[in-house]
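A.B. asks: Before we start, here is the structure in question, set down as structure tokens.
The values are calculated or read from the model by the stated rules, or taken from the named source; none is laboratory data. The structure presented is a predicted model; accordingly, all values stated were derived computationally and were not measured. Cβ sites come from the backbone with ideal geometry, for glycine too, and all protein chains shown count toward neighbours. The area values use the complete protein model at the heavy-atom level, side chains included, leaving out ligands, DNA and RNA. Shrake-Rupley method; radii C 1.70, N 1.55, O 1.52, S 1.80 Å.
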2 protein chains.
Amino acid sequence: MEADQDMRKPMQKLRQRSLVLEVRDALEGMILRGEVPAGERLNEINLAEQLGVSRGPVREAARSLEREGLVKTVTNQGVYVRKLSLEDALELYDLRAGIAGYLCTRAAESATPEDKSDLRAFVDRMDAAVRDGDEERYFELNLAFHDRVATASGATRAKDLYTSLGKEVRLMRLRVLTGGASLALSNSEHDRIVRAIEIGDKEAAGKVGAQHHINGKLRLLETL
Amino acid sequence: MEADQDMRKPMQKLRQRSLVLEVRDALEGMILRGEVPAGERLNEINLAEQLGVSRGPVREAARSLEREGLVKTVTNQGVYVRKLSLEDALELYDLRAGIAGYLCTRAAESATPEDKSDLRAFVDRMDAAVRDGDEERYFELNLAFHDRVATASGATRAKDLYTSLGKEVRLMRLRVLTGGASLALSNSEHDRIVRAIEIGDKEAAGKVGAQHHINGKLRLLETL
DNA sequence: AAACTACATAATGTCAACATTATTCTGCTG
DNA sequence: CAGCAGAATAATGTTGACATTATGTAGTTT
């Protein structure tokens, strides 16, 4: 027989996902994928039935989503998918830009050699995606890249906020146009960010990191 | 008899506070006042009994507090009052400073004459409090002042974040020393913020507003 | 026909009971 | 006496029922 894989202690970490977390992820996914329109009410009973749980976990999950800005609860009336005005979206871009700048600053201060090499690898891979014209892949890598920067910064709360605001932005269901050269341009900014982090230039990293996100906002405005 | 006060429609807005909101405020107050030590577990059953409600609302309130960063939930174990390391606190100060800068920038762009006169009045009143040596009153006014700036900015999400982070900071139960001249110094910064807003100098407002909060962080560091 | 009332329906608010998982205590074993 | 196994206890997880409020509908009045 194969060796028994020591099931004394490692088993602890399993089974740690309550229904609330499950429902929370499911709801978040539905909202972010746009399967429930903005402004629409989330029917507790329907959702509970649909997900095969009772209303309790659904209600708790909704409270959780509330503080993340994805839904809004009205007493005695229900929870509604948050509707984002253009002004709201622009404000979110600004906030996210500021936090991204902070994350880049911190990363420039404290990135390890491993952090730097990882980040550089991301830029290279995004370059390859641009050459191949693979937009889908570029988006994935872009997301992972910014997450990696946030991790390298060591600023855990800021990273959480950055991620959370990123989800919130998606409430505005606009695909920012990604005309031909814009991907290459975007990645050249990534390169400048990484270069600043590599040489530990805090100011430059913060400035470029923030501007990178402001440029995203400007592209959104051009789209309209 | 006195005129009946038209109880046809105005009654609508009342009675809109569910138990969840009530419990939420109660819990938040207990945590912020330090009545439950950091790291301590919140016992659902005890709290429910103590507040005279069932566990349902308590659990929902806890989920709400979770996303605000005041508590941390561990599956099958309970919710714990979040414990803040010094690094965490410093990071919060930085984040808050950045957001405050943004709020001041926006306020400088869009403050109405009424906004400006209100803000100026706050500075004057804080000046009076400083002269009277009334620290308690100064703190209240200081809080209201920054809230007023946030409102004047028109940036609703940023204001919420600013307020939320403010509560989170209080998890670190340190009274920043307020030696004699520091209050006057602090209010002179308020004056510079308001002056920048009055003349619509965005850059100056943002810079001074952020620096004002960074100075608070520095004072915290000196306290240690 | 417009509008108001009363009733019927459906959803959210709240609770108490039961199920599952952690924790503590006890007693046994070496 | 240290350490481990197992029961007893206590807490959280989940559910279904009931209470209250909002919504929709039919009927009546003017």
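A.B. asks: Can you give the translational diffusion coefficient of region A:39-91 in µm²/s, computed by Stokes-Einstein from the Kirkwood radius over Cα pairs at 10 °C and 1.306 mPa s?
C.D. replies: Numbers: Rh = 11.8 Å.
In µm²/s, the coefficient is 135.
A.B. asks: Shifting gears a bit: For chain A, modelled as a GNM with alpha-carbon contacts under 10 angstrom, which of A:ARG17, A:ARG82, A:ARG192 fluctuates the most?
C.D. replies: Highest fluctuation among the options: A:ARG17.
A.B. asks: Additional query: Is there a quick way to get the dipole size of chain B? I mean about its Cα centre, with the Cβ of Lys and Arg at +1 and of Asp and Glu at -1; what is the value in debye to the nearest 20?
C.D. replies: Charge dipole of chain B: 620 debye, to the nearest 20.
A.B. asks: Considering the rotational relationship between chains A and B, which residue of chain A contributes the beta-carbon of minimal distance to the axis, and what is that distance to the nearest Å?
C.D. replies: A:ARG67, 1
A.B. asks: Apply the Karplus parameterisation 6.51 cos²θ - 1.76 cosθ + 1.60, with θ equal to phi minus 60°, to every residue of region A:186-193 and state each ³J(HN,Hα) to the nearest whole Hz, in sequence, with x for glycine and proline.
C.D. replies: Coupling constants for region A:186-193: 4, 6, 5, 5, 4, 4, 5, 4 Hz.
A.B. asks: Can I ask one more? Loop-only GluC sites (Glu not before Pro) in region A:36-122, please: DSSP not H, G, I, E or B, and at most 15 other Cβ atoms within 10 Å.
C.D. replies: In loop regions of region A:36-122 (DSSP not H, G, I, E or B), the sparsely surrounded GluC sites (Glu not before Pro) are A:GLU40.
A.B. asks: Using each residue's phi in region A:94-100, evaluate 6.51 cos²θ - 1.76 cosθ + 1.60 at θ = phi - 60° and report the 3J(HN,Hα) Karplus result to the nearest Hz, with x for Gly and Pro.
C.D. replies: Once θ is set to phi - 60°, the couplings for region A:94-100 become 4, 4, 5, 4, x, 5, 4 Hz.
A.B. asks: Is the protein assembly as shown best put as rounded, prolate or oblate by its Cα gyration tensor, with a ≥ b ≥ c the root eigenvalues, rounded for a/c under 1.5, and otherwise prolate when a/b is larger than b/c, oblate when not?
C.D. replies: Rounded, since a/c falls under 1.5.
A.B. asks: Additional query: Work out how much length A:ASN215 to A:GLU44 would gain on full extension: take 0.36 nm times their residue separation and subtract the Cα-Cα distance, in nm to one decimal.
C.D. replies: Roughly 57.6 nm would be gained on extension.
A.B. asks: With r defined as the distance between the Cβ atoms of A:LEU224 and B:GLU35 and R0 fixed at 60 Å, what FRET efficiency is calculated, to the nearest 0.05? Numbers along the way, then the final one.
C.D. replies: On the way: r = 50 Å, r/R0 = 0.83.
Calculated value: 0.75.
A.B. asks: Give me the net charge for the shell around A:ARG170: Cβ to Cβ below 14 angstrom, other residues only, Lys and Arg +1, Asp and Glu -1.
C.D. replies: +2
A.B. asks: Which FRET efficiency, nearest 0.05, do B:ALA184 and A:ASP132 yield, Cβ-Cβ r, R0 56 Å? Don't skip to the end; give the middle numbers.
C.D. replies: On the way: r = 62 Å, r/R0 = 1.12.
It comes to 0.35.
A.B. asks: Pop out the Kirkwood hydrodynamic radius of region B:117-188 from its pairwise C-alpha distances, inverse of mean 1/r, in Å to one decimal.
C.D. replies: 13.3 Å
A.B. asks: If R0 is 22 Å, what FRET efficiency do you get for A:SER117 and A:PHE139 from their C-beta distance, rounded to 0.05? Present the calculation step by step, with values, prior to reporting the outcome.
C.D. replies: Working: r = 23 Å, r/R0 = 1.03.
Taking R0 as 22 Å, the efficiency between A:SER117 and A:PHE139 is 0.45.
A.B. asks: Something else: Can you list the HN-Hα couplings for region B:111-125, worked out from phi with the Karplus curve (6.51, -1.76, 1.60; θ = phi - 60°), rounded to whole Hz and with x for Gly and Pro?
C.D. replies: So the Karplus estimates, Gly and Pro as x, are 5, 7, x, 5, 3, 4, 5, 4, 4, 4, 4, 4, 4, 4, 5 Hz.
A.B. asks: Given labels modelled 7 Å from the Cα in the Cβ direction, how far is it in nm from A:ALA26 to A:GLN77?
C.D. replies: 2.7 nm
A.B. asks: Shape of chain A from its Cα gyration tensor (a ≥ b ≥ c, root eigenvalues): rounded if a/c is under 1.5, otherwise prolate when a/b > b/c, or oblate?
C.D. replies: Judged from the Cα gyration tensor, chain A comes out oblate (a/c at least 1.5, b/c at or above a/b).
A.B. asks: Also, I was wondering about something else. Taking a probe of 1.4 Å and counting only protein heavy atoms, give the total accessible area buried between chains B and A in Å², rounded to the nearest 100.
C.D. replies: Values: alone 13560 and 13530 Å², together 24460 Å².
So the buried area, both faces added, is about 2600 Å².
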